[in-house]
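Everything on this sheet refers to the single structure shown next.
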Amino acid sequence: ADTLHGFGWLRHLRATDTQFARATARALVDDWIRRHGRYNATSWRPEVTAKRVLSFLAQSPLLLEGADIVFYRRFTRVLIRQVNFLSAAGAAVNAIRGGNAQVSFNAQVQSGQQILPLKVDQLVNFVR
């Protein structure tokens with residue numbers, strides 16, 4: 001379930017670079033948003049949500065090229081909701097542990113041959 005909810009597999013659809021792949025990716029993401037776009041204990045665990053946010057950002061050209069305004073708005077709303085959730089999860093852990101905890105995950109965005117490390121606080125700043 002984590003692999004499906006993390007959406008890392010979107011990169012395979014992007015690699016085909018076809019209109020059919022874009023439409024399929026949009027339909028699958030749209031279906032996920034309709035079913036899981038609000039908090040769910042399984043699909044919104046912080047480590048899964050972080051991977052999904054990275055996948056959505058990294059594959060946004062695939063998802064948004066040719067998308068209608070309704071999908072675009074739904075996609076950006078759920079992306080913002082997830083980043084806010086990650087920010088709140090980090091703040092909650094920090095408060096529980098007396099301000100000394102950090103929420104982290106090993107994440108990177110790959111663009112062509114370039115690999116960039118990415119942290120949750122960068123995502124929060126990016127979306128705001």
Taking a ≥ b ≥ c as the square roots of the eigenvalues of the Cα gyration tensor of the range 1-48, is the shape rounded (a/c under 1.5), prolate (a/b larger than b/c) or oblate?
oblate
Per residue, how many Å² of accessible area does the range 1-95 show with a 1.4 Å probe?
53 Å²
Estimated dipole of the range 42-85 in Debye, rounded to 20 [Cβ of Lys and Arg +1, of Asp and Glu -1, Cα centre]
200 debye
Please state the charge dipole magnitude for the range 8-57, taken about the Cα centre, from unit charges on C-beta atoms (+1 on K and R, -1 on D and E), reported in debye and rounded to the nearest 20.
100 debye
On the accessible surface of the range 15-57, probed at 1.4 Å with all protein chains in place, carbon and sulfur together account for a percent value of 55 percent
Inter-probe distance in nm under a simple model that places probes 7 Å from Cα toward Cβ, at Ala27 and Ser60:
2.5 nm
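The values are calculated or read from the model by the stated rules, or taken from the named source; none is laboratory data. If you're wondering where the values come from, they're calculated on a predicted model, not measured in any experiment. Every residue, glycine among them, receives a Cβ derived from its backbone with ideal geometry; neighbour counts consider all protein chains shown. Ligands, DNA and RNA are excluded from the accessible area calculation, which covers all protein heavy atoms including side chains. Shrake-Rupley method; radii C 1.70, N 1.55, O 1.52, S 1.80 Å.
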